[in-house]
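Asker: Have a look at this one before I ask anything.
The values are calculated or read from the model by the stated rules, or taken from the named source; none is laboratory data. Keep in mind that what you see is a predicted model, and the values were worked out from it rather than measured. Here the Cβ positions follow ideal geometry from the backbone for every residue, glycine too, while neighbour counts run over all protein chains shown.
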Amino acid sequence: MITGKELRSKFLQFFKDRGHAIIPSASLIPENDPTVLFTTAGMHPLTPYLLGQNHPMGRRLADVQKCVRTIDIDEVGDASHLTFFEMLGNWSLGDYFKEQSIKWSYEFLTDEKYLGIAPEKLSVTVFCGDADAPRDEQSAKLWLECGIKEDHIYYLPKKNNWWGPAGITGPCGSDTEIFYDTGKDDCSPECSPACDCGKWLEIWNNVFMEYNKNADGSFSPLAQCNVDTGMGLERAVCVLNGLKSVYETDLFADAVDCICKLANVEYGKDKDTTRAIRIIADHIRTAVFLLGDRLGITPSNVDQGYVLRRIIRRAVRYAMQLGIDKSGIDQIAVVYLNQYQDVYPELKENREKVIDELSREQERFGKTLVSGEKEFHKITDKLESKIIDGKNAFRLYDTFGFPIELTEELAHEKGLSVDVEAFKACYAEHQTKSQIGSEQHFKGGLQDNSEATSKLHTATHLLQAALRKILGDEVKQKGSNITAERLRFDFSFHRPMTPEEVAEAQRLVNDAIERKIPVIFEEMPIEEAREKGAMGLFGDKYGEIVKVYTIGDVSMEMCGGPHATNTGELGEFVITKEQSSSSGVRRIKAELH
Ligand code: SER
């Protein structure tokens, strides 16, 4: 039996001994690729270096990278799909290429000192060539030299033997994939590693990154030839131990055990229960890693936050089906926090946050899940066709917090479908309405161009900056309303502020006022504003050129104004109220005296 921990350390040691620097896992939130939501492969954070930039740790690197892929989220529950996984990888950034890469892979897999797999259990695939890149005879020859038999080498097209780019553009190339033969012997003679009958399990992928895919779909040669390899940790541990499912590996043992105890069920006994256990085990692990990431996100209705929300809500629903309550889910999360904190120290640092956020999201959803399911059944009982219309799907979303995918899943279970396009139309209509709402508000503010409102606008920016400094990045503007007498500022934050925090926010704003900082107004393209880190809603409504107000090193925010020209004009800032506005949103009222 080889454990996840042993495989991680064997892999890293092997490449360390061969001159590779071991680098820590990058964040799950990509820092240099706006075209994807999550880090999906080990090479992803290394993109600039694959393109030619010098990496501070050298040209040979190895690591274990946290990855999230949600494209197959609906498949989770079967034996092998996961939304979070760890990827073992080694890289050559313009250093060694095919020969060294293939030889090391073979050595690591087959040598008794490392994994000791019998060579006849391995098959490999190589690229058969097309108009973009030639047939990879070199790799096939290298595998032969290693000891792989000719009839264990398969030439396959781009669909199978090409990897990348991770986003829309970027480094990519042909690959050679290594498969483990499970010994299944009732296959057709045509069966090859391209077949997903279960005979062949991919354990390692060596990508020879020589090309850049351009925005127009063409491929151009990169300045350097790179190697990018990836071995999925969970999958490899599963295969090496001859297990049927990744959920049977030690990486899931404690969590599955915990789930079974909480629900008083047995793993592997009946299909539906096993599927539910797997979904809970997978989704909670993913939620723990997303919440506990260095650039951790929190559940919301957009982008990564929405995916996280969807994952948590799906886990909660399956947990409730098995009779697991909120404290049970927290316990499962704790199992993962304990298990992984030595490998990923950020989980230790963010332990409280992970548990708090998970609890909060469960509470938000728990309140409406039961009534929402009732509503769902009411809707579907009355259906005349087999399709849930957009309006009803939107109501389930808006009133009961059901992500559209959840409604689709419930519908699917009942043999129904959802008119997702109509849902999207309802959603867009709702967005437009609330946008008009806020624009009208905004106009209201503009009409009153008095000195008093200008000062309060500036005070609002200082307040938002102060709140983010004290309470963190979770704070984002949710609404603002200014009269000649006071400002009202709504912002996302999950709990009441303490009196000390309120006092500190007031003090920070008054500090900025005392420093008599000029308020600089500039117009710039939205991309520039975003790059400079300006706060604001980057929605379409701002158009291409945006107005940005900068207050020294305190604040930079997109805004229509009007504003004071110097913070010194503001007078004394006094917070008169801090209260709840709606779920997850706080409201501050303040005045200038
Ligand atoms: N990028 C390749 C993969 O994800 C190899 O690391 O499989």
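Asker: Hey, could you check segment 65-113 for residues that are more than 19 Å from ILE277 (Cα to Cα) and of a type in the set (Phe, Trp, Tyr) and say which is surrounded by the fewest Cβ atoms within 10 Å (Cβ to Cβ)?
Answerer: PHE97
Asker: What's the number of the condition GLY183 fails, among (1) of a type outside the set (S, T, N, Q); (2) farther than 23 Å from PHE108 by Cα; (3) more than 16 Å from the ligand (Cβ to nearest atom); (4) at pLDDT below 95?
Answerer: Of (1) of a type outside the set (S, T, N, Q); (2) farther than 23 Å from PHE108 by Cα; (3) more than 16 Å from the ligand (Cβ to nearest atom); (4) at pLDDT below 95, only one is false for GLY183: (2).
Asker: Residues that are at pLDDT 95 or above and within 16 Å of the ligand (Cβ to nearest atom): does segment 70-79 have at least one?
Answerer: No, that holds for no residue.
Asker: Spot the failing condition for GLY217; the list is (1) part of a loop (DSSP other than H, G, I, E, B); (2) modelled with pLDDT of 95 or more, and only one is missed.
Answerer: Here GLY217 meets the rest and fails (2).
Asker: If I filter segment 296-312 down to residues being within 21 Å of GLN431 (Cβ to Cβ) and in contact with a Pro (Cβ under 7 Å, 6 or more places away or on another chain), which single residue comes out as surrounded by the fewest Cβ atoms within 10 Å (Cβ to Cβ)?
Answerer: GLY305
Asker: So LEU12 passes all but one of these: (1) more than 16 Å from the ligand (Cβ to nearest atom); (2) under 19 Å from ASP111 (Cα atoms). Which condition number does it fail?
Answerer: (1)
Asker: Would a scan of segment 98-114 turn up a residue that is touching a strand residue (DSSP E or B) at 6+ places or on another chain (Cβ under 7 Å) and either away from the ligand (no atom under 16 Å from the Cβ) or not in a helix (DSSP H, G or I) (or both)?
Answerer: No, segment 98-114 contains no residue that is touching a strand residue (DSSP E or B) at 6+ places or on another chain (Cβ under 7 Å) and either away from the ligand (no atom under 16 Å from the Cβ) or not in a helix (DSSP H, G or I) (or both).
Asker: Please determine, by comparing only the residues of segment 202-257 that are within 14 Å of the ligand (Cβ to nearest atom) and of a type in the set (A, V, I, L, M), which one is farthest from ASN54 (Cα to Cα).
Answerer: The residue in question is ALA236.
Asker: Shifting gears a bit: As an exercise: evaluate GLY479 against (1) within 13 Å of GLN464 (Cβ to Cβ); (2) over 30 Å from the mean Cα position of the chain (by Cα) and give the number of the one condition it does not meet.
Answerer: With respect to (1) within 13 Å of GLN464 (Cβ to Cβ); (2) over 30 Å from the mean Cα position of the chain (by Cα), GLY479 is out only on (2).
Asker: If you take just the strands (runs of 3 or more DSSP E) that sit entirely in segment 456-530, which of them hold at least 2 residues that are in contact (Cβ under 8 Å) with a residue 60 or more places away in the chain?
Answerer: 477-482, 487-492
Asker: Out of all the residues in segment 17-25, is one or more in contact (Cβ under 8 Å) with a residue 60 or more places away in the chain, closer than 30 Å to ASP270 by Cβ and away from the ligand (no atom under 14 Å from the Cβ)?
Answerer: no
Asker: For segment 348-371, name all the residues that are free of Cβ contacts under 8 Å to residues at least 40 places away in the same chain and small (Gly, Ala, Ser).
Answerer: SER359, SER371
Asker: For segment 489-527, enumerate the residues that are under 33 Å from the mean Cα position of the chain (by Cα) and surrounded by 14 or more Cβ atoms within 10 Å (Cβ to Cβ).
Answerer: Within segment 489-527, PHE489, ASP490, PHE491, SER492, PHE493, HIS494, MET497, GLU501, VAL502, ALA505, MET524, ILE526 meet the criteria.
Asker: Continuing with this model, one more query. Give the residue, chosen from GLY167, GLY173, that is under 30 Å from THR40 (Cα atoms), within 16 Å of the ligand (Cβ to nearest atom) and either modelled with pLDDT of 95 or more or part of a strand (DSSP E or B) (or both).
Answerer: GLY173
Asker: Select, from GLU75, GLU86, the only residue that is of a type in the set (D, E, K, R), in contact with a strand residue (DSSP E or B) (Cβ under 6 Å, 6 or more places away or on another chain) and within 18 Å of HIS283 (Cα to Cα).
Answerer: Just one listed residue meets the conditions, GLU86.
This table checks each residue for (1) on the phi < 0 side of the Ramachandran plot; (2) in contact with a helix residue (DSSP H, G or I) (Cβ under 7 Å, 6 or more places away or on another chain); (3) touching a residue at least 24 places away in the same chain (Cβ under 8 Å); (4) surrounded by fewer than 19 Cβ atoms within 10 Å (Cβ to Cβ).
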site: ALA166; (1), (2), (3), (4): yes, yes, yes, no
site: CYS187; (1), (2), (3), (4): yes, no, no, yes
site: CYS191; (1), (2), (3), (4): yes, no, no, yes
site: GLY198; (1), (2), (3), (4): no, no, no, yes
site: TRP204; (1), (2), (3), (4): yes, yes, yes, no
site: VAL256; (1), (2), (3), (4): yes, yes, yes, no
site: GLU266; (1), (2), (3), (4): yes, yes, no, yes
site: ASP270; (1), (2), (3), (4): yes, no, no, yes
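Asker: A further question follows. Could you tell me which residue of segment 47-67 is nearest to PHE84 (Cα to Cα), considering only residues that are within 14 Å of the ligand (Cβ to nearest atom) and at pLDDT 95 or above?
Answerer: The residue in question is CYS67.
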